[in-house]
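Read-outs throughout are calculated quantities, based only on the coordinates presented, and are distinct from any laboratory measurement. The model shown is predicted, which means the values in this text are computed figures rather than measured ones. Quick reminder, even Gly has a Cβ in these numbers, built from the backbone with ideal geometry, and neighbours come from all protein chains shown.
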Amino acid sequence: MLGFKFAKFQPTDYVLQYKGGKLVREGIGQSFFYFAPTSSLVRVPVASVDVPFIFLEVTADFQEVTVQGQLTYRIADPGKVAQLMDFSIAEDGKKYATDDPKSLPQRLINHAQVLTRASLQAMPLRQALGSSSDLVTGIREGMRQAEAITSLGVEILGFSILAIKPTPETSRALEAEAREQILKESDEAIYARRNAAVEQERAIKENELNTEIAIENKKRQIKEAQMEAEKSVQQKKREIKEAEMATRIALEEKNKELVELSVQNERHQADSKAYGISATLKALAATDPKVLQSLTNVGMDPGRLLALAFKEMAESTGKIGQLNISPDLLREMMAERK
């Protein structure tokens with residue numbers, strides 16, 4: 001209608017209206033009428049944008065790796081980016097007049113790739129594959145402090161690396177090496193487990209042997225104690241026997257002294273008797289034997305006297321012609337014997 005148009009923008013669009021080269025209106029989510037022949041509209045999206053990326057880089061040991069990740073940013077100062085890049089809207093009021101809005105993400109990706117390349121070229125392959133978190137931290141800080149990004153009024157909200165992958169051949173080689181390492185560690189674990197089992201068995205056997213040794217020591221101590229006790233008993237018995245023997249020896253010595261004294265006494269008695277008999281015999285040596293016999297027969301019982309008489313008659317049988325013995329005499333003799 002006579003060059004006037006109506007413009008309505010989203011809450012995530014920051015709009016700048018220039019008229020005659022001068023800024024006359026700006027803000028988020030604006031709605032207004034403008035005169036198209038003399039007005040220029042600039043639309044800057046201020047919502048956050050996720051930009052995926054894939055880089056092919058080379059590590060310090062000349063191994064190719066693929067870096068896959070995502071960059072998140074937003075335009076924090078629309079005025080700065082509008083001054084450095086063309087975000088003006090075409091005459092239809094819908095599309096951009098140039099391709100500058102599409103080139104902004106690529107600028108950020110290129111800067112991220114430069115920082116990624118600098119970091120990976122200082123790392124060998126093995127370190128690079130396991131250092132994604134360190135790379136993310138370094139690259140995020142580098143982009144936030146980069147003058148080329150801050151001058152555009154762009155704020156880096158996030159930077160993440162989803163994967164760092166080597167080439168398929170290198171990956172298979174690493175997998176084989178890792179597999180061998182895992183198998184080696186498995187063998188070492190089996191060896192360690194067996195060695196631990198052997199050590200445990202040895203410890204158990206040592207404990208059993210120590211127990212047996214302790215038992216044998218206890219048995220030996222008990223045996224030694226029993227032997228000491230028996231030795232003590234034998235010592236006591238020996239002392240008792242020695243005491244008994246000493247007592248017996250003392251008794252025997254006393255008996256010996258008694259016997260010697262008895263023998264001496266008997267000898268003295270025998271000497272006294274012998275002296276008496278000798279003196280008697282000397283006195284009787286000059287006496288008639290018949291007188292001695294007669295003296296001996298003094299007080300003898302009649303039976304013995306008759307026996308002596310018969311004996312003398314028997315000695316003188318040559319001189320006796322006839323001898324008559326009456327039965328009465330024999331009867332009296334027998335009666336006396338009873």
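Under 17 Å Cα-Cα from Lys241, which aspartates and glutamates qualify once same-chain neighbours fewer than 8 residues away are excluded?
By straight Cα distance, Lys241 reaches Glu230, Glu252.
Gln68 to Glu155: FRET efficiency via 1/(1 + (r/R0)^6), r the Cβ-Cβ distance, R0 22 Å, to the nearest 0.05?
My answer for the efficiency is 0.40.
Run the numbers for Lys19 and Ala225: contour at 0.36 nm per residue of separation, minus the present Cα-Cα distance, in nm. Mind dumping the intermediate values first?
On the way: separation 206, 0.36 × 206 = 74.16 nm, distance 12.29 nm.
My answer for the length gained is 61.9 nm.
Need the C-alpha centroid separation for region 169-202 versus region 1-72, integer Å.
Taking the Cα centre of region 1-72 as reference, the centre of region 169-202 is 57 Å away.
For region 1-44, state what percent of all Cα-Cα pairs lands in each successive 5 Å bin, counting from 0 Å until the bin that includes the largest distance.
Once binned at 5 Å, the Cα pair distances of region 1-44 give 6, 24, 34, 24, 10, 3.
Using the Karplus curve 6.51 cos²θ - 1.76 cosθ + 1.60 with θ = phi - 60°, what ³J(HN,Hα) values do you get for each residue of region 210-216, in whole Hz, with x for Gly and Pro?
Coupling constants for region 210-216: 4, 5, 4, 4, 4, 5, 5 Hz.
State, to one decimal in nm², a quarter of the convex hull surface area for the C-alpha atoms of region 48-166, i.e. the direction-averaged projected area. Before the final figure, lay out each step's value.
Working: hull surface 30.2 nm².
Orientation-averaged projected area of the Cα hull: 7.5 nm².
Test of the criteria: in region 38-103, which trypsin sites (Lys or Arg not before Pro) are in a DSSP loop and have at most 16 other Cβ atoms within 10 angstrom of their Cβ?
Lys94, Lys95
Please give me the summed charge of the neighbours of Glu212: other residues whose Cβ is under 14 Å from its Cβ, Lys and Arg +1, Asp and Glu -1.
Numbers: positive: Lys205, Lys218, Lys219, Arg220; negative: Glu206, Glu208, Glu216.
Surrounding charge for Glu212 is +1.
Past 26 Å, Cα to Cα, is the threshold; run Lys256/Lys282; Lys184/Lys205; Lys205/Lys231; Lys19/Lys94 against it and keep the listed order.
Lys256/Lys282; Lys184/Lys205; Lys205/Lys231
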